[in-house]
Amino acid sequence: MRLGVNLGYWGAGNDADNLQLAREADRIGYSVVWAAEAYGSDAATVLTWIAAQTTQIDVGSAVFQIPGRTPANTAMTAATLDSLSGGRFRLGLGVSGPQVSEGWHGVRFTKPLQRTREYVSIVRMALARQRVTFDGEFFTLPLPDGPGKALTLTVHPVRERIPLYLAAIGPKNLELAGEIADGWLAIFFSPEQAADSMAHIAAGRERAGLTLDGFDVVPSVPVAFGDDIEQCANTIRPYASLYIGGMGSKEMNFYTQLASRMGFEAEADDIQAKYMSKDYRGAAGAVPLGFIDQTSLIGPRERVRDRLAAYAEAGVTTLTITPSAQSLDERLAALVTMSEILDESGLAT
């Protein structure tokens with residue numbers, strides 16, 4: 001396995017701290033640093049800033065929102081970032097959710113799988129510097145009966161093929177990621193329950209005539225070191241409750257559905273009910289320790305080190321961590337500790 005670090009969303013008052021995390025990850029040999037976007041900071045600007053102040057670490061979008069940019073604009077941004085960073089950009093894409101897609105970007109959240117398939121096809125075509133023409137259900141390029149003409153990207157990316165990742169949760173989206181992407185960005189990844197997800201990824205790879213060789217499995221995993229397991233879990237519970245309870249509507253929240261499929265249906269319903277009634281503390285408290293322990297790395301150094309084998313056996317190739325400590329010094333220490341224990345485990349690549 002390799003290591004990555006996920007900085008999450010920018011603009012929460014810890015921007016300087018996040019830059020320090022990125023620099024430290026670069027210094028000690030992490031593979032990639034990821035940045036996210038929702039309806040605040042955009043990931044492209046953040047990654048440009050980080051790339052300018054690091055030297056070796058890859059910078060990746062986790063994710064660029066598909067409804068927020070045309071595929072051509074995403075290709076332009078990806079090519080520019082790859083060029084400016086000296087070939088260090090990784091393109092992560094996701095459809096977001098209906099509330100953000102329709103409420104923020106004004107894009108109907110219909111047939112997300114087909115939209116993603118078409119979107120990736122156009123991005124790939126543009127990044128390969130082919131003349132872009134496309135006739136799909138969601139995208140038509142150039143528009144017919146008008147002055148538009150088929151164009152070719154003028155920027156030359158450093159690499160012939162920029163790695164493309166999909167954020168995926170449901171079975172069909174997992175198959176699509178295996179079929180058309182170079183990697184999978186996973187959330188709430190449980191090694192004990194990963195076989196089903198990996199089977200869907202493998203099915204998509206097989207459909208494309210490919211194997212899992214070279215496919216990058218990248219879960220984002222909260223990390224909290226300490227002797228008190230329950231206290232470690234408490235630092236992660238607000239994050240888990242935000243996604244399970246607040247990222248979507250009652251009728252459509254992919255994270256609630258994921259937690260339910262993992263065997264926490266009653267708990268997920270309780271978290272969502274509390275979160276939607278604005279009982280945020282109660283929602284966080286309702287996240288069970290078992291869910292946190294399955295999907296995070298918590299506890300003493302030795303416990304975390306021993307747990308890494310389960311991730312490797314489940315197929316993880318890039319373990320992306322999110323240090324949940326409050327202070328910058330603690331978060332920086334967590335980066336170093338994870339690097340050390342990965343080396344100790346014998347699983348580093």
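Do any trypsin sites (Lys or Arg not before Pro) in region 259-326 lie in a loop, going by DSSP, with at most 12 other beta-carbon atoms within 10 Å of their beta carbon, and if so which?
Working: sites: R261, K274, K278, R281, R301, R303, R305, R307; in loops: K278.
Qualifying residues, ordered by number: K278.
Report the extension gain between D196 and T110 in nm, rounded to one decimal, defined as 0.36 nm multiplied by the number of residues separating them, less their alpha carbon distance. Walk me through the intermediate numbers first.
Values: separation 86, 0.36 × 86 = 30.96 nm, distance 2.56 nm.
Stretched out fully, the D196 to T110 stretch lengthens by 28.4 nm.
Which of the trypsin sites (Lys or Arg not before Pro) across region 137-174 are loop residues per DSSP, with 16 or fewer other Cβ within 10 Å? The partial results should precede the final answer.
Values: sites: K149, R159, R161, K172; in loops: K149, R159, R161.
Counting only loop positions with at most 16 other Cβ atoms within 10 Å, the trypsin sites (Lys or Arg not before Pro) in region 137-174 are K149, R159, R161.
Just to be sure I follow the definition: excluding the sites themselves, where is the longest run in the chain that has none of the GluC sites (Glu not before Pro) in a DSSP loop with at most 11 other Cβ atoms within 10 Å?
Values: sites that count: E137, E160, E251.
Value returned for the longest uninterrupted segment is 1-136.
Would you kindly derive the ³J(HN,Hα) couplings of region 219-232 from the backbone phi angles with the Karplus curve 6.51 cos²θ - 1.76 cosθ + 1.60 (θ = phi - 60°), listing them in order in whole Hz, with x for Gly and Pro?
So the J values, rounded to whole Hz, are x, 9, 10, x, 10, 9, 8, x, 7, 9, 4, 5, 5, 4.
Just to be sure I understand the model, the point goes 7 Å from the Cα along the line to the Cβ. What's the resulting R129 to A273 distance in nm?
Simple spin-label model gives 5.9 nm for this pair.
Which one, Q56, Q114, Q326, has the greatest fluctuation when you compute a Gaussian network model over the chain with C-alpha springs under 10 angstrom?
Maximum among the listed residues: Q326.
Taking Cα atoms, how many degrees apart are the long axis of helix 112-127 and the longest axis of the chain, rounded to 10 and kept between 0 and 90?
60 degrees
Full-extension gain between R117 and E330, please, as 0.36 nm times their residue separation minus the C-alpha to C-alpha distance. Before the final figure, lay out each step's value.
Numbers: separation 213, 0.36 × 213 = 76.68 nm, distance 4.10 nm.
Gain in length upon complete extension: 72.6 nm.
Give me the number: length gained by fully extending R281 to V158, i.e. 0.36 nm times residue separation minus the C-alpha to C-alpha distance, one decimal in nm. Don't skip to the answer; put the middle values down first.
Numbers: separation 123, 0.36 × 123 = 44.28 nm, distance 4.70 nm.
The span from R281 to V158 would gain 39.6 nm if fully extended.
For A309 and D145, what is the calculated FRET efficiency with R₀ set at 51 Å and r taken between the beta-carbons, to the nearest 0.05?
On the way: r = 60 Å, r/R0 = 1.17.
After rounding to 0.05, the efficiency reads 0.30.
Rounded to the nearest 500, what is the chain's calculated 222 nm mean residue ellipticity when only DSSP H runs of at least 4 contribute -39500 (n - 2.57) each, over all residues?
Working: 14 runs with 158 residues, N = 349.
-14000 deg cm²/dmol, from helical runs alone.
Using the basic label-point model (7 angstrom from Cα toward the beta carbon), what is the D227 to T211 distance in nanometres?
4.8 nm
Coordinate-derived values only; no laboratory data. Computed from a predicted model, the values in this text were never measured in an experiment. Note: ideal-geometry Cβ built from the backbone for every residue, glycine included; neighbour counts use all protein chains shown.
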